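Please read the structure below before turning to the comments.
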Amino acid sequence: MVGTSNGSHVDGTNRTASGSTTLSTLPGPDHDYNISLRDKVIAITGANQGIGLGIAEVCLQNDAAFVFSLDISEPGEPFSALLKRFPGRLDSQHCDVTNEESVNAALDAIVAKKGRFDGMVANAGATKHQPALNFSLDQVKKLFELNVYGSWNCATAAARTFIKLGCKGSIVFTASMTSYRPNRAAPSAPYGGTKAAVRNMTHTLAMEWAQHGIRVNSISPGFVKTDLTYYVETSPDWDIKMKYYGGMPRLALPQELGGAYVYLLSETATYTTGIDIPIAGVVGAW
């Protein structure tokens, strides 16, 4: 193995003082800077519907070789419709993100089927909107178990898999604009707390895993049009809020978030880690 003056080797590894090796985080000389997911195998949690399914669609449109939805629910008609558009490039893998063994088994199955694994989108989550004093502790714990512990399980399992494969992988969390400030239209203190935790994990894990070439980022959506947000546009004062609060007077389609995920999962973003990208056209509603 030929060494260079900065301690790196021609095969793209760096040798540490202890003698262990880590992947170089620098792009190679033939690096492709097109924003594309060509050849990449991506896992998206909670992608049988909603935001996750929208992300999957945009990943497939941007040439992802294969997208796995890791979901505890059974896929429905929207998933089947997307599968018909992208036959042989989409599948659903049963997975309970709150269970470490379930997540590990799902990633092992992906590697066994495809021989590689390039990106994890830790998207699965839930919310409950009601005044803080109406929450029981059990309800709060369930939100943290899914949104925080589930994200942790997915990120750590993905990182271990990337390291085992020698892959400079990418992890993208779905956080929320509620991690920055309260949701005035539909407050939920516990939900905001879970997403603040996810956004903080993004920065710390990015710092810890950079030595392995693993990038960790997050996306903070605003209001997105899904089955979980049906009530927002039916609110009797929604039009008034849009008139006086400013911002785009509508909810986002799930697919409108996809471009940011594609960028963060792509080889174009090899020096992008530890950031959060807010996507919230309805600025004033927050």
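The values are calculated or read from the model by the stated rules, or taken from the named source; none is laboratory data. All of these numbers come straight from a predicted model, not from anything done at the bench. Note that each Cβ is placed from the backbone with ideal geometry, even for glycine, and that neighbours are counted across all protein chains shown. What goes into the accessible areas is simple: the full protein's heavy atoms, side chains included, and nothing from ligands, DNA or RNA. Shrake-Rupley method; radii C 1.70, N 1.55, O 1.52, S 1.80 Å.
Figures for the structure shown
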quantity	calculated
P(r) tail fraction, the range 109-149 - alpha-carbon pairs more than 12 Å apart, %	69 percent
Net charge over other residues, Cβ less than 15 angstrom from the Cβ of Arg215 (K, R count +1; D, E count -1)	-2
The range 140-179, accessible surface, carbon-and-sulfur percent (1.4 angstrom probe)	60 percent
The range 93-228, dipole about Cα centre (Lys/Arg Cβ +1, Asp/Glu Cβ -1), debye to the nearest 20	420 debye
Under Karplus coefficients 6.51, -1.76 and 1.60, residue-wise ³J(HN,Hα) of the range 265-277 in Hz, glycine/proline x	7, 8, 6, 5, 9, 5, 10, 10, 8, x, 10, 10, 10
Cβ-based charge dipole, the range 121-222, positive-most Cα from Gly193, Met177, Thr204	Met177
All lysines inside 21 Å of Lys168 as judged from Cα atoms, apart from same-chain residues fewer than 8 positions distant	Lys40, Lys113, Lys114
Size of electric dipole in the range 92-156: Cβ of Lys, Arg +1 and of Asp, Glu -1, about Cα centre, debye, nearest 20	200 debye
Sequence ranges 90-103, 254-267, ranked by mean other-Cβ count within 10 angstrom, highest first	254-267, 90-103
Residues with amide H under 5 Å from that of Ala64, placed H, sequence gap 5 or more	Leu37
Amide proton proximity set for Ile277, modelled H, under 5 Å, gap of 5+	Ser218, Ile219, Ser220
Volume per residue that the Cα convex hull of the range 64-133 spans, once the total is divided by residue count, Å³	123 Å³
Diffusion coefficient, µm² s⁻¹, Stokes-Einstein with Kirkwood Rh over alpha-carbon pairs of the range 44-187 at 10 °C and 1.306 mPa s	99 µm²/s
